[in-house]
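The values are calculated or read from the model by the stated rules, or taken from the named source; none is laboratory data. Everything numeric in this text was worked out from a predicted model, so none of it was measured. When we count neighbours, we look across all protein chains shown, and the Cβ atoms used for this are built from the backbone with ideal geometry, even at glycine.
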Amino acid sequence: MLDPRFKVKRAEVRNVQVHPPRSGKVPWFSATLDDVVVWDGKTDRFGEGLCWTGVLEKRDGRWVIVQVHASLPVDKVREIVVRDIQSPA
């Protein structure tokens, strides 16, 4: 992400759900993230449909994201592998 060849083309968050904590004060969230980027001039759609989760914490009266994780569902990984096998770079 620190490489100048990396640029965010579009980021869209959908299906956001905030889950209250069972104990304590730290809720978490889940969402679907479409994160389309440009790498070295080429658009990469690898990040469409990511499962995005994170942990929230209240600091100075504001909720802030303190941890995030993104992963692809297995069917999306399969699509990408098949696509790359059929049309290698």
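In table form, for the structure just shown:
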| read-out | value |
| --- | --- |
| Any chance residue 52 is aromatic (Phe, Trp, Tyr) and over 9 Å from the mean Cα position of the chain (by Cα) | no |
| Selected residue (criterion: surrounded by the most Cβ atoms within 10 Å (Cβ to Cβ)) from residues of the range 23-63 that are at pLDDT below 85 and basic (Lys, Arg) | 45 |
| Residue under evaluation residue 70, criteria (1) in contact with a Phe, Trp or Tyr (Cβ under 8 Å, 6 or more places away or on another chain); (2) loosely packed, with under 13 Cβ neighbours inside 10 Å; (3) of a type in the set (A, V, I, L, M), criterion not met | (2) |
